[in-house]
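Asker: A single structure is presented below for examination.
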Amino acid sequence: MTKSVNGHQIIQVFEEFSPKKLAMEGDPVGLHIGTLRKPIKKVMIALDVLDAVADEAISKGIDLIIAHHPLIYRPLKRLITDEPGGRLIEKLIKNDIAVYTAHTNLDVAEGGVNDLLAEALGLINPAVLVPTSEQRLKKLAVFVPEENAGEMYEALGKAGAGSIGDYSHCTFTSAGTGRFLPGEEANPHIGKPGELEIVDEVKIETVFPEHLETRVVSAMLKTHPYEEPAFDLYPLAVKGQELGLGRVGELPREMSLEEFAAYVKEAFQVDGVRVVGNLDDRIKKVAVLGGDGNKYFAKAKMSGADVYVTGDFYYHTAHDALNMGLNVVDPGHHIEQIMKQGIARKMQELCSGRGYDVEFTASSLRTDPFIFM
């Protein structure tokens with residue numbers, strides 16, 4: 001059975017894997033236009049929010065656009081509705097279409113833009129290229145009657161707790177005795193008001209990334225049979241998963257730079273690529289970073305990559321890369337459009353798993369301003 005959902009619930013699901021705190025300092029992520037306090041039936045995932053994209057959203061009956069590139073990048077000093085920027089915002093507001101932006105936080109996020117790019121290139125065991133943050137971990141310890149332990153294990157695991165590497169539902173359980181005295185106004189699951197109750201209980205301990213706290217605690221409270229569950233929640237000093245921009249990994253097979261350039265062109269379905277380097281060089285280890293990756297080319301070289309795949313590469317930066325022996329393939333900034341289908345698919349799966357009655361679609365428009373002749 002499906003249930004209706006509002007904008008806040010949709011974004012809560014989205015921010016569980018792409019929280020705003022992952023964004024680079026000053027990056028204008030979050031809600032840009034409209035309100036999330038409304039029912040949402042249709043969501044469109046877009047790379048850019050342009051006039052044609054707004055028209056597409058209107059024609060599809062879209063309630064919310066989740067975009068990668070910010071619609072409002074700098075503070076507005078005025079909003080004139082007969083100018084292009086103002087006309088676009090007016091159109092969105094008049095058609096009650098909210099716009100939410102996830103920029104560098106979606107670049108950094110696990111399963112976000114850079115992971116999708118690495119996947120398209122078939123990179124094996126991709127690692128973070130430019131570390132920007134570390135996923136902080138928390139531990140939940142909850143005390144529950146033995147008879148309810150199985151249900152609690154399942155609920156916590158389903159909420160994302162206990163995921164360690166390739167393993168899920170990881171917990172530790174210890175047995176003990178719980179004692180409590182229900183007050184006269186209490187409605188206890190076990191025992192009677194005014195009588196001391198002694199219960200065989202288990203302590204279930206599990207870890208989870210900090211950004212899942214709301215989801216994990218909610219699942220625990222919903223599953224627990226007691227009116228007033230006893231639980232502990234605390235941060236861990238254990239190092240969490242490293243997060244950051246770009247990915248670096250190895251190709252399934254070695255190839256020449258010339259062959260690799262054609263491989264990139266096919267992988268990202270672009271009309272052409274720019275190449276820096278010797279076309280006969282052998283390519284095995286690849287660094288990839290979506291968008292403008294100019295300032296990270298030295299990181300790519302330090303990673304041991306044979307080639308760096310990124311967009312908007314500058315003329316003088318290309319000379320610097322040549323001088324340090326780093327090959328570069330530039331398929332353009334627009335390859336980030338891979339996020340449209342990837343995020344639409346991911347959000348549909350996550351929301352369907354919760355029974356939300358909402359449809360996700362990817363914008364079908366090509367928003368690359370460049371044409372290869």
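Asker: Quick test of your reading of the structure: residue 111 fulfils all but one of (1) closer than 16 Å to residue 17 by Cα; (2) out of contact with any helix residue (DSSP H, G or I) (no Cβ under 8 Å at 6 or more places or on another chain); (3) not β-branched (Val, Ile, Thr). Name the failing condition by number.
Answerer: Only one criterion is unmet by residue 111, namely (2).
Asker: I would also like to ask the following. Quick one: count up the residues across region 131-160 that are out of contact with any Ser or Thr (no Cβ under 9 Å at 6 or more places or on another chain) and assigned to a strand (DSSP E or B).
Answerer: Going through region 131-160 one residue at a time, the tally reaches 7.
Asker: If only one of 155, 267, 219, 159 is within 30 Å of residue 281 (Cα to Cα), touching a helix residue (DSSP H, G or I) at 6+ places or on another chain (Cβ under 6 Å) and in contact (Cβ under 8 Å) with a residue 12 or more places away in the chain, which one is it? Full working, then the answer.
Answerer: Working: 155 fails: within 30 Å of residue 281 (Cα to Cα); 219 fails: within 30 Å of residue 281 (Cα to Cα); 159 fails: within 30 Å of residue 281 (Cα to Cα).
267 is the lone residue from the list that is within 30 Å of residue 281 (Cα to Cα), touching a helix residue (DSSP H, G or I) at 6+ places or on another chain (Cβ under 6 Å) and in contact (Cβ under 8 Å) with a residue 12 or more places away in the chain.
Asker: Given the condition open to solvent by 50 Å² or more (accessible area, probe 1.4 Å), free of Cβ contacts under 8 Å to residues at least 12 places away in the same chain and not charged (D, E, K, R), answer yes or no: does some residue in region 58-73 qualify? If you could, list the steps in order and put the result at the bottom.
Answerer: Taking region 58-73 and keeping what is open to solvent by 50 Å² or more (accessible area, probe 1.4 Å), we get 58-60, 73.
Narrowing the set further to residues that are free of Cβ contacts under 8 Å to residues at least 12 places away in the same chain leaves 59.
Checking which are not charged (D, E, K, R) leaves us with 59.
Yes.
Asker: Could you tell me whether region 4-13 includes any residue that is of a type outside the set (A, V, I, L, M), part of a loop (DSSP other than H, G, I, E, B) and more than 15 Å from residue 100 (Cα to Cα)? Step through it out loud before you land on a result.
Answerer: Initially, region 4-13 is screened for residues of a type outside the set (A, V, I, L, M), giving 4, 6-9, 12.
Imposing the further condition that a residue be part of a loop (DSSP other than H, G, I, E, B) reduces the set to 4.
Now restrict to residues that are more than 15 Å from residue 100 (Cα to Cα): 4.
Yes, region 4-13 contains a residue that is of a type outside the set (A, V, I, L, M), part of a loop (DSSP other than H, G, I, E, B) and more than 15 Å from residue 100 (Cα to Cα).
Asker: Looking at this structure, is residue 197 on the phi < 0 side of the Ramachandran plot, at pLDDT 90 or above and among the charged types (D, E, K, R)? Outline the logic, then answer.
Answerer: Values: on the phi < 0 side of the Ramachandran plot: yes; at pLDDT 90 or above: no; among the charged types (D, E, K, R): yes.
No: the conditions fail for residue 197.
Asker: Moving to a separate point now. Among the residues of region 1-35, write down those that are surrounded by 17 or more Cβ atoms within 10 Å (Cβ to Cβ), over 19 Å from the mean Cα position of the chain (by Cα) and among the aliphatic types (A, V, I, L, M).
Answerer: 5, 33
Asker: Between residues in region 356-373 that are at pLDDT 95 or above and residues that are exposed (fewer than 11 other Cβ atoms within 10 Å of the Cβ), which pairs lie under 7 Å by C-beta distance while being six or more apart or on different chains?
Answerer: Partner pairs satisfying both residue conditions: 356/3; 357/3.
Asker: Say we look at region 82-121 and pick out the residues that are outside any helix (DSSP H, G or I) and among the small types (Gly, Ala, Ser); which of these is surrounded by the fewest Cβ atoms within 10 Å (Cβ to Cβ)?
Answerer: First, pick out the residues of region 82-121 that are outside any helix (DSSP H, G or I): 82-83, 95-103, 109-112, 121.
After this cut, where a residue has to be among the small types (Gly, Ala, Ser) as well, the list is 98, 102, 109, 111-112.
On the way: 98: 24, 102: 29, 109: 23, 111: 14, 112: 24.
The selected residue is 111.
Asker: If you check every pair at least six apart or on different chains, which have Cβ atoms under 7 Å apart with a residue in region 168-184 that is farther than 23 Å from residue 227 by Cβ first and a residue that is open to solvent by less than 60 Å² (accessible area, probe 1.4 Å) and part of a loop (DSSP other than H, G, I, E, B) second?
Answerer: Sorted first by the residue in region 168-184, then by its partner, the pairs are 168/162; 169/162; 170/162; 171/162.
Asker: Every residue in region 54-76 that is under 22 Å from the mean Cα position of the chain (by Cα) and among the β-branched types (Val, Ile, Thr), please. Steps first, please.
Answerer: First, the residues of region 54-76 that are under 22 Å from the mean Cα position of the chain (by Cα): 62-73.
Matches in region 54-76: 62, 65, 66, 72.
Asker: So residue 55 passes all but one of these: (1) open to solvent by 10 Å² or more (accessible area, probe 1.4 Å); (2) farther than 24 Å from residue 107 by Cβ; (3) in contact with a strand residue (DSSP E or B) (Cβ under 7 Å, 6 or more places away or on another chain). Which condition number does it fail?
Answerer: For residue 55, the failing item is (3).
Asker: When you scan region 247-349 for helices (runs of 4 or more DSSP H) that lie fully inside it, which ones turn up with 3 or more residues that are open to solvent by less than 30 Å² (accessible area, probe 1.4 Å) and touching a strand residue (DSSP E or B) at 6+ places or on another chain (Cβ under 8 Å)? So that I can check it myself, show each step before the final result.
Answerer: Numbers: elements: 257-267, 297-302, 315-323.
Per the criteria, 257-267.
Asker: Hey, can you tell me all the residues within region 193-246 that are aromatic (Phe, Trp, Tyr) and surrounded by 14 or more Cβ atoms within 10 Å (Cβ to Cβ)? It would help to see each step written out before you state the result.
Answerer: As a first pass, look at region 193-246 and keep what is aromatic (Phe, Trp, Tyr): 208, 226, 231, 234.
Hits for region 193-246 are 208, 226, 231.
The values are calculated or read from the model by the stated rules, or taken from the named source; none is laboratory data. None of these values were measured; they are calculated from a predicted model. All Cβ positions, even for glycine, are placed from backbone atoms using ideal geometry, and neighbour counts span all protein chains on display. Only protein heavy atoms, including side chains, enter the accessible area calculation; ligands, DNA and RNA are left aside. Shrake-Rupley method; radii C 1.70, N 1.55, O 1.52, S 1.80 Å.
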